[in-house]
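> There's a structure below that I have some questions on.
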Amino acid sequence: MLTGISGRRRGSPASSGKQEAAIDHPILAALVAGGRLGTEAAARAERLAAERGLPLPVVLRELELLDDEEWVTTTVAYFGIARAGPEEIPPAPLLEDVFARSFLRHNRLLPLAADERNLRLGMADPADATLVHAAAVASGRNIVPIAVPLLLVEAAHARYWDQGAEAIARIVADIGEEEGGGEAADAVGEAEEAPVVRLVEQLLTDAVRLRASDLHVEPTAERLRVRLRVHGTLRETAAPPARLGPAVVSRIKILAGLDVAERRLPQDGRTRLRICGREVDLRVATMPTIHGESAVVRVLDHAQRRVGLGELGLPPAVEARFSRQLVAPHGMLLVTGPTGSGKTTTLYAALQRLDATAAKIVSIEDPIEYQLPGITQIQVRPEIGLDFARVLRAVLRHDPDTVMVGETRDPETAEVAVHAALTGHLLLTTLHTNTAAGAIARLLDMGVEPYLLASVVRGVLGQRLVGLLCPECRRPAAAEGGERELLRRAGIAAGGEITLYRPAGCRACEGMGYVGRIGIFEFFEIDEEIREAIRARRSTQELLALARRRGMTTMFEDGAAKCLAGQTTLRDVCRVTEDW
């Protein structure tokens, strides 16, 4: 009943003798022969996979030896078999009466299609003959192995069986109806019990699966409210009973290394976990409220690909002007916006555009969100006095060419940053301001002298994030009266019929209508006339008027153009911009 390929049997011992013969798995052997993996590393991975009874791609990922895509590509080329993409994943699990969930999840198997005689079986490791044989015996069908990326298999399993409401309901049922969370000691004890551990793991799994940026756990008088911030908007998810609030928050505090006995004071902590097969950093903040402690968990998924400058959604003219200033030998470039507007992502993308081989680039961050090759990254630690200003002073003694300061939040940091830009360094930093032009007034308020500011600032990039419409289900609709007026006032569309797009929801976007977020931008570039206006302490409105006469487009105008292009909605743009 087996068709397709002839591979290794799981748990079979590696051959002995020559070093080249030590690898039993055909794909590993091919990767070693091609110079992609060393023999010792490959042999270790094969040995661990056999000892633990796990598919080889799982172990390779844990050891960080090989990219999942490279494994699938090599497998497909070696055996000449098909591979499956997201569009071929069934919307519901197949053959649930044949295969146990635990069997499919542990072995990373995914039935894709079946008839009376054949089963197309998605496999993370199609070379595992033992699994092919077991699936054939269990199903009574010929098995056609199909290569499927490991993360895609795990994502399908999570979608089938880890959906929030059902999973949480099962876990809460396991906990039972007894009262909980009365005394601190009781909550701590309950937090370490298996059902509560599973409950918190499920909440975090839902957050990662939905690509949420934050998980909010908020006790109320009637219930424990749990919300996820997805694509910038808070959405409520299945909530546990209010009585579990203390235990859930205590479990989160245990994970973050916080003091579970201290409930009167706010606390901050962080941890790194493997969730859905991916390394995820969690930043945890707790706060006492009238109904108990609340917790917010910021989720940073390292499996998400770093974005390049050309992928942020910058208008071509803005990207060209910003890139031109980015290669300047000295001066200051700022990125502005509120918390959660993507400023750090933009700075990371800018640093990747620079040549880290020919220049010394140092970043000062809180926290370090991604590790960038070739760049010296420093984590500030205010609790021991290692703040932005102190680190920046030290960095300037190490002869850097470019310095990134994660945030300029106080007069001391602003003063040091300005003097660094004056002394031959290119300095990138962020500010919390509503507009790009407003950054000038903010720095003046921090005590920076106008003549210094006019000399060092090269440009300010203002930005916000809006929802990116799902291209599969977005639906066109004629602009309504109020929308037409907004676009007319922005000079985007003067007359005629205007087509905008609305979110709908489909399988590709999990019913949300959005598949991520995209930036809207404005770039306030400093020229000589604007420098004179800064020296004269002209108002933000006057500075903006000068820039507008030189062709600057506002964030709203950029957002409106993206609405007409079907990338976002006018409602989203109006929600994050203040002028309209």
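The values are calculated or read from the model by the stated rules, or taken from the named source; none is laboratory data. Note that the structure is predicted; figures quoted are calculated from it, not measured. Note that each Cβ is placed from the backbone with ideal geometry, even for glycine, and that neighbours are counted across all protein chains shown. These accessible areas exclude ligands, DNA and RNA; they are computed on the full protein's heavy atoms, side chains included. Shrake-Rupley method; radii C 1.70, N 1.55, O 1.52, S 1.80 Å.
> Out of segment 442-451, which residues are in a helix (DSSP H, G or I) and buried (at least 17 other Cβ atoms within 10 Å of the Cβ)?
Within segment 442-451, 442, 443, 450 qualify.
> Select from segment 303-327 the residues that are farther than 21 Å from residue 401 by Cβ, at pLDDT below 85 and not basic (Lys, Arg) and write down the one among them that is most open to solvent (accessible area, probe 1.4 Å).
By that ranking, first place goes to 304.
> Further, regarding this structure: Which residues, counting only those in segment 492-504, are closer than 13 Å to residue 564 by Cβ and either of a type in the set (Lys, Arg) or in contact (Cβ under 8 Å) with a residue 60 or more places away in the chain (or both)?
492, 493, 498, 499, 500, 501 - these are the residues of segment 492-504 that are closer than 13 Å to residue 564 by Cβ and either of a type in the set (Lys, Arg) or in contact (Cβ under 8 Å) with a residue 60 or more places away in the chain (or both).
> Still on this structure, please answer the following. If a residue has to be open to solvent by 30 Å² or more (accessible area, probe 1.4 Å), of a type outside the set (Lys, Arg) and touching a Pro at 6+ places or on another chain (Cβ under 7 Å) to count, how many in segment 225-264 make the cut?
Matching residues across segment 225-264 total 1.
> Of the residues that make up segment 37-54, is at least one under 13 Å from residue 148 (Cα atoms) and either out of contact with any helix residue (DSSP H, G or I) (no Cβ under 8 Å at 6 or more places or on another chain) or outside any loop (DSSP other than H, G, I, E, B) (or both)?
The answer is no, given that none of the residues of segment 37-54 is under 13 Å from residue 148 (Cα atoms) and either out of contact with any helix residue (DSSP H, G or I) (no Cβ under 8 Å at 6 or more places or on another chain) or outside any loop (DSSP other than H, G, I, E, B) (or both).
> Could I ask something else about it? Within segment 218-237, which residues are within 21 Å of residue 517 (Cβ to Cβ) and assigned to a loop (DSSP other than H, G, I, E, B)?
231, 232, 237 - these are the residues of segment 218-237 that are within 21 Å of residue 517 (Cβ to Cβ) and assigned to a loop (DSSP other than H, G, I, E, B).
> Go through the residues of segment 541-557 one by one and say whether even a single one is part of a helix (DSSP H, G or I), acidic (Asp, Glu), open to solvent by less than 60 Å² (accessible area, probe 1.4 Å) and touching a Phe, Trp or Tyr at 6+ places or on another chain (Cβ under 8 Å).
No: zero hits.
> With the structure loaded, tell me whether residue 215 is open to solvent by less than 40 Å² (accessible area, probe 1.4 Å), outside any loop (DSSP other than H, G, I, E, B), in contact with a Leu (Cβ under 7 Å, 6 or more places away or on another chain) and within 26 Å of residue 516 (Cβ to Cβ) or whether it fails that test.
yes
> Are there any pairs, at least 6 apart or on different chains, whose C-beta atoms fall under 6 Å, with the first in segment 428-446 and more than 23 Å from residue 361 (Cβ to Cβ) and in contact (Cβ under 8 Å) with a residue 24 or more places away in the chain and the second of a type in the set (Lys, Arg) and buried (at least 18 other Cβ atoms within 10 Å of the Cβ), and if so, which?
433/442
> When you scan segment 291-298, do you find a residue that is outside any strand (DSSP E or B), more than 17 Å from residue 372 (Cα to Cα) and open to solvent by 60 Å² or more (accessible area, probe 1.4 Å), even just one?
Checked against the condition, which is being outside any strand (DSSP E or B), more than 17 Å from residue 372 (Cα to Cα) and open to solvent by 60 Å² or more (accessible area, probe 1.4 Å), segment 291-298 yields at least one hit.
> Can you tell me which residues in segment 35-89 are polar (S, T, N, Q) and more than 30 Å from residue 509 (Cβ to Cβ)?
39, 74
For every residue, the table says whether it meets (1) under 23 Å from residue 443 (Cβ atoms); (2) in contact (Cβ under 8 Å) with a residue 60 or more places away in the chain; (3) of a type in the set (Asp, Glu).
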{"residue": "475", "(1), (2), (3)": "no, no, no"}
{"residue": "486", "(1), (2), (3)": "no, yes, no"}
{"residue": "490", "(1), (2), (3)": "no, yes, no"}
{"residue": "506", "(1), (2), (3)": "no, no, no"}
{"residue": "518", "(1), (2), (3)": "no, yes, no"}
{"residue": "542", "(1), (2), (3)": "yes, no, yes"}
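> Being over 25 Å from residue 31 (Cβ atoms), surrounded by 16 or more Cβ atoms within 10 Å (Cβ to Cβ) and not aromatic (Phe, Trp, Tyr) narrows it down to one residue among 100, 84, 49, 136; which is it?
Just one listed residue meets the conditions, 136.
> In this structure, does residue 334 turn out to be within 17 Å of residue 421 (Cβ to Cβ), open to solvent by 10 Å² or more (accessible area, probe 1.4 Å), under 27 Å from the mean Cα position of the chain (by Cα) and not charged (D, E, K, R)?
So residue 334 fails the test.
> Out of all the residues in segment 456-477, which are open to solvent by 40 Å² or more (accessible area, probe 1.4 Å) and modelled with pLDDT of 95 or more?
Listed by number, the list holds a single entry, 458.
> Are any of the residues in segment 474-491 touching a Pro at 6+ places or on another chain (Cβ under 6 Å) and part of a helix (DSSP H, G or I)?
Among the residues of segment 474-491, not one is touching a Pro at 6+ places or on another chain (Cβ under 6 Å) and part of a helix (DSSP H, G or I), which makes the answer no.
> A further question follows. Any chance segment 364-376 includes a residue that's free of Cβ contacts under 8 Å to residues at least 40 places away in the same chain and among the acidic types (Asp, Glu)?
no
> Of the residues that make up segment 508-523, is at least one surrounded by fewer than 22 Cβ atoms within 10 Å (Cβ to Cβ), more than 20 Å from the chain's Cα centre (by Cα) and in a loop (DSSP other than H, G, I, E, B)?
no
> Are any of the residues in segment 394-408 open to solvent by less than 40 Å² (accessible area, probe 1.4 Å) and free of Cβ contacts under 8 Å to residues at least 12 places away in the same chain?
Yes, segment 394-408 contains a residue that is open to solvent by less than 40 Å² (accessible area, probe 1.4 Å) and free of Cβ contacts under 8 Å to residues at least 12 places away in the same chain.
> Now for a separate question. Look through 289, 336, 271 and report the one residue that is of a type in the set (Val, Ile, Thr) and closer than 30 Å to residue 469 by Cβ.
It is 336.
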